1. Quick test for you: out of M68, M72, pick the one residue that is under 30 Å from M22 (Cα atoms) and open to solvent by 10 Å² or more (accessible area, probe 1.4 Å).
2. Based on what the data block shows, is G107 in a loop (DSSP other than H, G, I, E, B) and out of contact with any Cys (no Cβ under 6 Å at 6 or more places or on another chain)?
3. Output the number of the condition that Q145 fails; it satisfies all remaining conditions of (1) touching a Ser or Thr at 6+ places or on another chain (Cβ under 6 Å); (2) open to solvent by 50 Å² or more (accessible area, probe 1.4 Å); (3) on the phi < 0 side of the Ramachandran plot; (4) within 14 Å of ligand 1 (Cβ to nearest atom).
4. For region 158-182, give me each residue that is within 16 Å of ligand 1 (Cβ to nearest atom) and surrounded by 12 or more Cβ atoms within 10 Å (Cβ to Cβ).
5. Can you work out which of the residues in region 1-19 that are more than 19 Å from Q172 (Cα to Cα) and either under 16 Å from the mean Cα position of the chain (by Cα) or of a type in the set (D, E) (or both) is farthest from ligand 1 (Cβ to nearest atom)?
6. List pairs: first in region 37-55 and polar (S, T, N, Q), second open to solvent by 50 Å² or more (accessible area, probe 1.4 Å), Cβ under 8 Å, 6+ apart or cross-chain?
7. Based on what the data block shows, is L120 open to solvent by less than 30 Å² (accessible area, probe 1.4 Å), at pLDDT 95 or above and among the hydrophobic types (A, V, I, L, M, F, W, C)?
8. Check A81, A26, A110, A90 and return the single one that is modelled with pLDDT of 95 or more and within 14 Å of G196 (Cβ to Cβ).
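The values are calculated or read from the model by the stated rules, or taken from the named source; none is laboratory data. Predicted model, so just to flag it, every value in this text is computed and none were measured. Cβ placement follows ideal geometry from the backbone for every residue including glycine, while neighbour counts extend to all protein chains displayed. Heavy atoms of the whole protein, side chains included, go into the accessibility calculation; ligands, DNA and RNA do not. Shrake-Rupley method; radii C 1.70, N 1.55, O 1.52, S 1.80 Å.
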Amino acid sequence: MIKIAPSILSADFSRLGEEVEMLDRAGADMIHIDVMDGHYVPNLTIGPLVVKSIRKYTDLPFDVHLMMDNPMEYLDDFIAAGADSITVHAEVLHHLQGCLAAIRKKGVRAAVALNPSTPLNVLDYVLDDLDMVLLMTVNPGFGGQAFIPQMLNKIRDLRKTADGIGKQLDIQVDGGINPDNVKAVVEAGANVIVSGSSIFGSSDPAMAIRHMRACP
Ligand code: DX5
Ligand code: ZN
């Protein structure tokens, strides 16, 4: 089952509540929220106050992607603001297993994001501690970048590993996904699709979501 997670990074921030309502009506499976701290990535985006302020516009799960140097310090704030799942980057964590365990203990889903150049083997001993892996298909920081095609092999390798141990792992892809390449990432083994610019840039976001979910 393919799930579509539109990223509000490409939304009109002056009317974020309405944009979230629009995604809900358009059939999104969750709302992907890109948190950027200006250190881990050059961009600055959304904090817990904004997450809290849009929480009332939808009952869809909030999928919060923390592109931060110090995610541990903000877990409680984002969970209190309404996050249903928290994704942390493996590259910044000295104690990845501990962070994932802490997220789950707080009652939300735990996910790990890997940048394009980060090897899959950092997941070797934490697959039981996580609910989803986010494979970045661009270098994080900005919407609207081009998909890195070498990531197809990485998706395939991770799906093979998960299948090999009988784990029904959610594999999320994030960055440069559009109606033209969604089929390739799904065939490689991804099942949760983040998309910002191609959904918000479409004249009919509901059709774009349906189209990507069907990935013809
Ligand atoms: C990139 C973000 C993505 C981004 C996706 O750092 O994590 O979620 O907004 O946007 P598109 O679909 O435009 O690449
Ligand atoms: Zn993201």
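1. On inspection, the qualifying residue turns out to be M68.
2. Considered against the rule, which asks whether it is in a loop (DSSP other than H, G, I, E, B) and out of contact with any Cys (no Cβ under 6 Å at 6 or more places or on another chain), G107 comes out as yes.
3. Exception for Q145: condition (1).
4. Scanning region 158-182 gives D170, I171, Q172, V173, D174, G175, G176, I177, N178, P179, N181, V182.
5. In this case the residue turns out to be E18.
6. Going by the 8 Å Cβ cut-off, the qualifying pairs are N43/F142.
7. Here the answer is no, as L120 does not meet what is asked.
8. A26
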